[in-house]
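Below: the structure, in structure tokens.
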Amino acid sequence: DTKSRKPVSAVAINLEKREVYTSHDGSSIKCWNLDTGVLLRTLVGHRGTITFILYCPPLKSLISGGLDHVLNIWVPSKGEVVARERFRCPVMCCTFNRWNDQLIVGGKVYVFVYNVKYGAEKGAHLEYLNVSPLVYFEDHSDFVTSVLCTKMGRMYTVGLDGRVCVYDPSVDGKPKFVTSKKIHAGGIAGAAYDSTKDQLFTGTIGRHHSFRILFCIF
């Protein structure tokens with residue numbers, strides 16, 4: 001949006017539909033044509049700043065969360081919310097674990113794990129609606145800024161406490177805590193995982209703005 005001077009808080013891309021989703025005015029999501037840059041629609045469903053947007057191809061759904069403690073599941077083509085959940089804390093990040101069809105949600109201190117059921121037409125129907133999560137963890141002491149999963153189901157979480165926590169899948173479907181390590185003096189702003197080399201990339205927002213590559217051997 002060349003006319004907006006507001007900072008962008010979240011971005012996601014849907015390559016199937018050739019659409020880009022952005023949030024830069026706090027509580028709404030704008031959907032743009034990836035090729036022409038034309039604004040297609042505006043999605044309204046939050047009452048606070050949106051912290052992340054995720055397009056999940058397996059669910060054919062758009063997922064957003066924010067400082068209003070709300071996570072929304074959208075049918076992006078209609079701008080319609082098909083599932084909504086309110087959390088006990090701001091929702092900061094989210095990912096989908098393809099290994100066991102689970103949605104992983106990070107908030108302040110907490111990491112929530114939910115089983116997913118697929119909807120017939122509208123998109124995703126998630127088991128967590130009106131029920132408790134499959135499991136949740138409190139292994140961070142500050143906001144969880146990123147959650148990532150490997151193809152084999154291993155889960156990594158990083159946070160503003162400068163720590164990375166590791167979880168492995170189990171027979172009962174519940175991730176099991178493996179280890180936790182403080183790798184930055186400052187808070188970790190974000191992380192990315194390279195599956196080809198089994199490397200975890202992290203960056204901090206501390207005074208030294210350090211960047212670190214971890215070989216994922218824990």
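The residues of segment 40-67 that are surrounded by fewer than 20 Cβ atoms within 10 Å (Cβ to Cβ), modelled with pLDDT of 90 or more and either outside any strand (DSSP E or B) or in contact with a Phe, Trp or Tyr (Cβ under 6 Å, 6 or more places away or on another chain) (or both), listed by number, are 47, 49, 67. Restricted to segment 71-88, and to residues there that are open to solvent by less than 10 Å² (accessible area, probe 1.4 Å) and either of a type in the set (A, V, I, L, M, F, W, C) or at pLDDT 95 or above (or both), the residue that is farthest from residue 9 (Cα to Cα) is 83.
Looking at the structure I just gave you, is residue 183 of a type in the set (Val, Ile, Thr) and either open to solvent by 50 Å² or more (accessible area, probe 1.4 Å) or at pLDDT 90 or above (or both)?
On the way: of a type in the set (Val, Ile, Thr): yes; either open to solvent by 50 Å² or more (accessible area, probe 1.4 Å) or at pLDDT 90 or above (or both): no.
In short, no.
With respect to (1) modelled with pLDDT of 95 or more; (2) assigned to a strand (DSSP E or B), the lone exception for residue 189 is condition (1). Considering segment 166-180 alone, what residues qualify as being open to solvent by 50 Å² or more (accessible area, probe 1.4 Å) and either assigned to a strand (DSSP E or B) or under 25 Å from residue 204 (Cβ atoms) (or both)? Answer for segment 166-180, where residues must be open to solvent by 50 Å² or more (accessible area, probe 1.4 Å) and either assigned to a strand (DSSP E or B) or under 25 Å from residue 204 (Cβ atoms) (or both): 176, 177, 178. Evaluated against (1) surrounded by fewer than 22 Cβ atoms within 10 Å (Cβ to Cβ); (2) in contact (Cβ under 8 Å) with a residue 24 or more places away in the chain, residue 18 falls short on exactly one condition, (2). Which one is nearest to residue 79 (Cα to Cα) among residues in segment 5-39 that are at pLDDT 90 or above and small (Gly, Ala, Ser)? Among those residues, the one meeting the criterion is 28.
The values are calculated or read from the model by the stated rules, or taken from the named source; none is laboratory data. Remember, predicted model here, so these are calculated numbers, not experimental data. With ideal geometry, Cβ positions are generated from the backbone for all residues, glycine too; neighbour counts draw on all protein chains shown. Please note that ligands, DNA and RNA were not included when accessible areas were found on the heavy atoms of the full protein model with its side chains. Shrake-Rupley method; radii C 1.70, N 1.55, O 1.52, S 1.80 Å.
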